[in-house]
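Student: I'd like to ask you about the structure that follows.
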């Protein structure tokens with residue numbers, strides 16, 4: 001996806017990593033069960049009947065227990081997320097209505113009810129896109145804040161001076177939660193766009209291989225740890241473009257990239273060095289191992305064909321990394337051996353693959 005298409009769709013909704021969310025949900029459910037148990041103990045010791053604490057909370061803990069089992073089994077998060085969201089919504093609405101029905105004192109509202117709203121709104125921002133969560137947050141706040149005022153109007157009662165303060169505080173907190181979620185979404189969107197731009201800067205779009213810049217770290221790592229580098233060039237590629245057209249030439253390059261990727265040893269990388277040239281790093285391989293790999297690569301091209309084109313061979317220059325090497329020096333040696341392979345008739349490789357100077361510089365294929 002291009003950066004422009006990402007911008008056209010607007011900032012993406014930030015989602016916490018799945019394992020972090022799973023852990024948070026487990027902790028929240030466990031804490032909720034402890035709180036419900038504690039509130040029921042207090043209600044029992046105080047005597048009397050509290051419908052919300054002794055009936056609503058225990059009943060709504062049933063979906064929470066289902067969610068807990070689901071999370072412990074490693075199931076997808078969408079099911080427990082929505083169950084928990086439904087559960088807390090039922091708790092909030094039930095508490096608001098029960099408090100208003102049994103109210104005998106000036107309308108005020110308890111802190112627990114309003115902070116339950118905050119918790120549910122935060123959960124909404126975890127589940128839904130920012131715009132949906134913001135609409136839900138506003139609607140829930142209007143409902144919770146409006147219920148006591150409706151009760152006052154219907155009963156012609158008094159209003160506690162704490163009510164406006166509490167509602168204003170919770171409203172500010174909800175705005176702050178929305179702002180944090182929005183800014184986090186913007187940050188993640190920009191960071192994703194930067195990652196896309198970095199990937200584009202280090203990736204060849206035709207072959208989806210690393211480009212020259214993208215191969216620099218692999219070559220530097222090879223110089224530090226040891227191994228071999230191989231510079232490869234498709235034989236008579238200009239003829240392919242001239243006879244079949246540049247579109248077919250692009251298809252041949254993409255095909256060659258797949259063949260080279262299939263020949264990579266563990267830890268190896270291959271990238272498009274430029275034009276029809278590719279660079280392959282072979283970390284950890286000694287001379288005989290690198291030579292065997294070079295022959296296998298050439299044989300892979302020699303024994304396959306491109307539909308509509310035929311066999312497209314490759315030539316390669318192979319060199320081992322030396323102590324104190326630099327990237328330009330390593331690539332220059334591989335390039336020298338590549339030209340030697342071209343001059344020797346193509347469809348093969350040349351290179352110095354032993355560290356001893358007693359062996360010939362260009363072993364026979």
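The values are calculated or read from the model by the stated rules, or taken from the named source; none is laboratory data. Remember, it's a predicted structure, so these values are computed and weren't measured experimentally. Note: ideal-geometry Cβ built from the backbone for every residue, glycine included; neighbour counts use all protein chains shown.
Student: Which ones in the range 167-185 are under 19 Å from the mean Cα position of the chain (by Cα) and loosely packed, with under 15 Cβ neighbours inside 10 Å?
Tutor: 183 - this is the single residue of the range 167-185 that is under 19 Å from the mean Cα position of the chain (by Cα) and loosely packed, with under 15 Cβ neighbours inside 10 Å.
Student: Would you mind finding the one in 292, 257, 300, 296 that is over 19 Å from residue 223 (Cβ atoms) and in contact with a strand residue (DSSP E or B) (Cβ under 8 Å, 6 or more places away or on another chain)?
Tutor: Result: 257 is the single residue among 292, 257, 300, 296 that is over 19 Å from residue 223 (Cβ atoms) and in contact with a strand residue (DSSP E or B) (Cβ under 8 Å, 6 or more places away or on another chain).
Student: Let me ask something else about it. Would you mind finding the one in 187, 176 that is outside the structural domain of residue 345 (by TED's automatic domain parsing) and at pLDDT below 85? Show your work before the answer.
Tutor: On the way: 176 fails: at pLDDT below 85.
Result: 187 is the single residue among 187, 176 that is outside the structural domain of residue 345 (by TED's automatic domain parsing) and at pLDDT below 85.
Student: If I filter the range 186-207 down to residues being exposed (fewer than 13 other Cβ atoms within 10 Å of the Cβ) and in contact with a helix residue (DSSP H, G or I) (Cβ under 7 Å, 6 or more places away or on another chain), which single residue comes out as nearest to residue 260 (Cα to Cα)?
Tutor: The residue in question is 201.
Yes/no per residue for (1) within 19 Å of residue 89 (Cα to Cα); (2) over 43 Å from the mean Cα position of the chain (by Cα); (3) surrounded by 12 or more Cβ atoms within 10 Å (Cβ to Cβ):
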| residue | (1), (2), (3) |
| --- | --- |
| 41 | no, yes, no |
| 46 | no, yes, no |
| 53 | yes, no, yes |
| 62 | yes, no, no |
| 67 | yes, no, yes |
| 71 | no, no, yes |
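Student: If I ask for residues that are assigned to a helix (DSSP H, G or I), more than 22 Å from residue 29 (Cβ to Cβ) and in contact (Cβ under 8 Å) with a residue 40 or more places away in the chain, which ones from the range 117-136 would you list?
Tutor: Those that are assigned to a helix (DSSP H, G or I), more than 22 Å from residue 29 (Cβ to Cβ) and in contact (Cβ under 8 Å) with a residue 40 or more places away in the chain: 130, 134.
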